[in-house]
Amino acid sequence: VINSEDILQAHKRIAGYIRGTPTFHLPHYRPDSEGEIVYKLENLQVTGSFKIRGAANKLLKMVETARGTGVLAVSTGNHGRAVAYMASRLGIRAVICLSRGVAPVKIAAIQQLGAEIRTTGDSYDEATAYAKELCVSEKLTFIEPFDDPDIIAGQATIGLELIDSEPGLDAIFVPMSGGGLISGIGLAYKRVFPGTRVVGITMEGGAVMAESLNRGEIVDLPEEETLADALVGGLGDSNQYTFSLCQQLVDDLILVDEDEIRKAVVHAFEDLRMLVEGGGAVGIAAAQSGKVEGFGERIGVIVSGGNIGLSQVDQLVSN
Ligand SMILES: *Cc1c(COP(=O)(O)O)cnc(C)c1O
């Protein structure tokens, strides 16, 4: 459903809206190793996460065909912010539905972009059910967070950038929730470097995609409290693309625990001088805790988001 041309077109289409993000090279965590870890810094992306890539591709394609109607997104924060940003640049209405428990720093950013916020439901899945009704009653276009070819092609542009700047990586560690990011990167990068292992990284509690891949069918798990709030949520009852793409493209899975995520956020702040949110830091957590062992000498790690408040970082540092 998504070919190389779609990804190249997406990259051209979104070029004026996103940043080509830099990479950061660090020695392997193991002192006796020659290897290196390459961080791809999507925490420095416009809107603070890679989600702008998919949202920009989707909304720009949409306005080419039908201007006028508004858009609606359900989000744990980052997708909502990306959609709100694009809607404001394109001058269209945006309604963002959030479940309770979305980080205040993310809500504030969405508000600032002029989107209408509706807070509803105790979980991401509950917020989705409400949102689908709202789309019908208010004639809004629902913008999927991951299960849409245009969104996946947008996220895939990270893979294109990595092909240019970091060819021939042994493995790429990718934070994974619904699987749009890892599907896109896998599609783009493996076309040129089929031997590169694509590794999905997620938190231990409520890892829906990881559990579904292990069992060979989509499962539903209760949401759990996690520092990786951007990775929370299920695959829905009608997943069309990302589950089967992940079945084809994801070579390994690594789960990280809350303490490993906390240490990764603190490490990013204290040693790298960067703000990285919990969900964006799971790849760093995997690399730091020695879980890169056996994956080769050059490992790419996607640092997927930086939307975290200073007070939250402060709390994690002093814990
Ligand atoms: C959305 C998100 C992810 C996961 O992306 P999926 O396409 O849902 O797998 C990872 N990190 C951050 C910071 C995110 O916002």
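Since every read-out is calculated from the coordinates, none of them should be taken as a lab result. Bear in mind the structure is a predicted one, so any value in this text is a computation, not a measurement. Methodologically, a virtual Cβ is constructed for each residue, glycine included, from the backbone with ideal geometry; neighbour enumeration extends over all protein chains shown.
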Nearest-20 debye value, the range 168-319 charge dipole, Cβ charges on Lys, Arg, Asp, Glu: 740 debye
- prompt: Is there a pair in Lys58/Lys291; Lys12/Lys139; Lys51/Lys291 whose C-alpha atoms are over 31 Å apart, and which pairs would that be?
  reply: Lys58/Lys291
- prompt: Given Gln45, Thr23, Gly35, which one lies farthest toward the positive end of the charge dipole of the range 1-93, if we put +1 on the Cβ of every Lys and Arg and -1 on the Cβ of every Asp and Glu?
  reply: Gln45
- prompt: Counting Lys and Arg as +1 and Asp and Glu as -1, each charge on the Cβ, what is the dipole of the chain about the Cα centre in debye, to the nearest 20?
  reply: 1400 debye
- line: antiparallel share of DSSP beta bridges within the chain, to nearest 5, in %, is 15 percent
- prompt: Where does the Debye-calculated log10 I(q)/I(0) of the range 149-257 sit at q = 0.10, 0.13, 0.20 Å⁻¹, using only Cα point scatterers of equal weight, no solvent?
  reply: -0.26, -0.45, -1.01
query: Label-point separation (nm) for Phe24 and Ser311, each offset 7 Å from Cα along Cα-to-Cβ?
result: 2.5 nm
query: What distance in nm separates the simple spin-label points at Glu138 and Glu116, each placed 7 Å from Cα in the Cβ direction?
result: 0.3 nm
query: So what are the range 1-44's ellipsoid semi-axes, whole angstrom, largest first, if each one is the square root of 5 times an eigenvalue of the alpha-carbon gyration tensor?
result: 32, 14, 6
- request: Rounded to the nearest 0.05, what FRET efficiency do Leu90 and Val1 give with R0 = 25 Å and r taken as the Cβ-Cβ distance? Could you check?
  value: 0.50
task: From the P(r) of the range 75-163, can you give the percent of Cα pairs sitting at distances over 22 Å?
output: 28 percent
field: Pairwise centroid distance, computed over Cα atoms, of the range 69-135 with the range 1-68, Å
entry: 21 Å
query: Rg (Å, one decimal) plus Dmax (Å, integer) for the alpha carbons of the chain?
result: 18.1, 62
Cα-based equivalent ellipsoid, the range 113-213: semi-axes from gyration tensor eigenvalues, Å: 32, 17, 11
message: About the Cα centre, and with charges only on the beta carbon of Lys, Arg (+1) and Asp, Glu (-1), how big is the dipole of the range 171-246? Nearest 20 debye, please.
response: 700 debye
